[in-house]
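**Student:** Encoded as structure tokens, here's the structure I'll be asking about.
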Amino acid sequence: MPDFLLVLFLFNLSLFLLHEMDAIRRSEWKLFMVLKDMEDDKAYRYFTWIHLPMYTIILSLLFSSYQTITFWVLDIFFIIHTVLHFFFEKHPRNEFKNGFSRSLIYPMGIIALIHLIFLII
């Protein structure tokens with residue numbers, strides 16, 4: 001049976017994956033410099049396809065001898081990601097200003113911080 005820290009991390013990774021699904025629905029590419037000026041259909045395709053190598057790398061590292069380092073890197077990324085969403089709350093193109101989106105984003109940062117603390121102690 002997986003230990004508590006692994007389950008906590010996988011739960012958080014699942015929140016991230018749900019957030020990325022929500023990000024496609026909410027046209028998150030409009031917040032990125034490179035994609036924001038593209039035609040929506042083209043930006044959507046680039047934004048979506050970029051996730052394939054990203055997910056492949058993350059999942060392959062989780063099932064490797066680099067698992068602990070991957071935990072650290074992703075926890076720090078989730079925390080930074082959450083902070084960035086907080087600072088972009090007032091951005092005119094931000095469509096994550098609803099309870100559902102926030103229920104995916106903000107717990108992700110908090111859980112990552114908790115997971116990181118448990119990795120340290």
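Taken together, the values in this text are just the output of simple stated rules run on the coordinates, not laboratory data. Model, not experiment: these values are computed from the prediction. Heads up, the Cβs are rebuilt from the backbone with ideal geometry, glycines too, and the neighbour counts pull from every protein chain shown.
**Student:** In debye, nearest 20: dipole of the stretch 1-63 around its Cα centre with unit charges on the Cβ of K, R (+) and D, E (-)?
**Tutor:** Value, rounded to 20: 60 debye.
**Student:** Follow-up question, since we're still on this one. Suppose the chain between residue 62 and residue 97 were pulled fully straight at 0.36 nm per residue; how much longer would it get relative to their current alpha carbon spacing?
**Tutor:** 9.5 nm
**Student:** State, to one decimal in nm, how far the label point of residue 55 lies from the label point of residue 14, with both points 7 Å from Cα in the Cβ direction.
**Tutor:** Going from the residue 55 label point to the residue 14 one covers 1.6 nm.
**Student:** So, one more: Could you let me know the centre-to-centre spacing of the stretch 69-121 and the stretch 1-54, using Cα atoms, in angstrom?
**Tutor:** 13
**Student:** So what's the back-of-envelope 222 nm ellipticity for the chain, counting only DSSP H runs of four-plus at -39500 (n - 2.57) apiece and dividing by all residues, rounded to 500?
**Tutor:** -25500 deg cm²/dmol
**Student:** So which residue, out of 89, 20, 39, gets the largest mean-square fluctuation from a GNM of the chain using Cα contacts under 10 Å as springs?
**Tutor:** Ranking 89, 20, 39 by mean-square fluctuation puts 39 first.
**Student:** 7 Å from Cα along Cα→Cβ at both residue 42 and residue 89: what's the point-to-point distance in nm?
**Tutor:** 3.5
**Student:** Moving to a separate point now. Given DSSP loops and a limit of at most 15 other Cβ atoms within 10 Å, what is the longest stretch of the chain that contains no such chymotrypsin sites (Phe, Trp or Tyr not before Pro)?
**Tutor:** So the longest stretch without any such site is 89-121.
**Student:** Oh, and also: Once both axes come from the Cα atoms, what is the angle between helix 40-62 and the longest principal axis of the chain, in degrees from 0 to 90, rounded to 10?
**Tutor:** The angle comes out at about 10 degrees.
**Student:** Residues with beta-carbon under 14 Å from that of residue 110, excluding residue 110: net charge, scoring Lys, Arg +1 and Asp, Glu -1?
**Tutor:** After counting each charged neighbour, the total is 0.
**Student:** Given +1 on the Cβ of Lys and Arg, -1 on the Cβ of Asp and Glu, and no further charges, what dipole in debye does the stretch 17-121 carry about its Cα centre, rounded to the nearest 20?
**Tutor:** In debye, rounded to 20, the stretch 17-121 gives about 160.
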